[in-house]
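Written out below as structure tokens is the structure these notes cover.
Readers should treat all values here as calculations from the given coordinates under stated rules, not as data from a laboratory. Every value quoted in this text rests on a predicted model; they were computed, and no experiment measured them. All Cβ positions, glycine included, derive from the backbone under ideal geometry; neighbour counts span all protein chains shown.
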């Protein structure tokens, strides 16, 4: 890989660090526009911003990714499968929340799939899960800040 193509791949990654947290910040407005209730408690900050990004990146961008890589599957397929399992994992929320929040979980699954593509691609480019953990944390932080800022 020459210097120019390496710069281009990493410059897109830096752009993701700006765009995705910003989308996380404004996404509560999407939920509000769709009249979707957002399950949120003040104690969720540590859980959503610290613990879950670490745990989820270890499971999906380290565990699932490494397993699929060992099976010699094409990288595009790996990215899609990691993203799909990450998205489907978010359906677990249905078993933990009242039915009034189900629409939130369904939208979250779609958003998790799209974010999963970015995080898995980042894992492929950097050969590390650390940038994904940081970005995942920033996205979740943006979402929580958006809830507080927009008073939802």
Filter pass, residue 142 being in a helix (DSSP H, G or I), buried (at least 17 other Cβ atoms within 10 Å of the Cβ) and at negative phi: yes
Conditions (1) touching a helix residue (DSSP H, G or I) at 6+ places or on another chain (Cβ under 7 Å); (2) surrounded by fewer than 15 Cβ atoms within 10 Å (Cβ to Cβ); number of the one not met by residue 30: (1)
Residue count for segment 92-139, restricted to those that are surrounded by fewer than 16 Cβ atoms within 10 Å (Cβ to Cβ), more than 14 Å from residue 16 (Cβ to Cβ), in contact (Cβ under 8 Å) with a residue 12 or more places away in the chain and in contact with a helix residue (DSSP H, G or I) (Cβ under 6 Å, 6 or more places away or on another chain): 0
The lone exception for residue 82 - which of (1) more than 19 Å from the chain's Cα centre (by Cα); (2) outside any loop (DSSP other than H, G, I, E, B); (3) within 15 Å of residue 124 (Cβ to Cβ) it fails: (1)
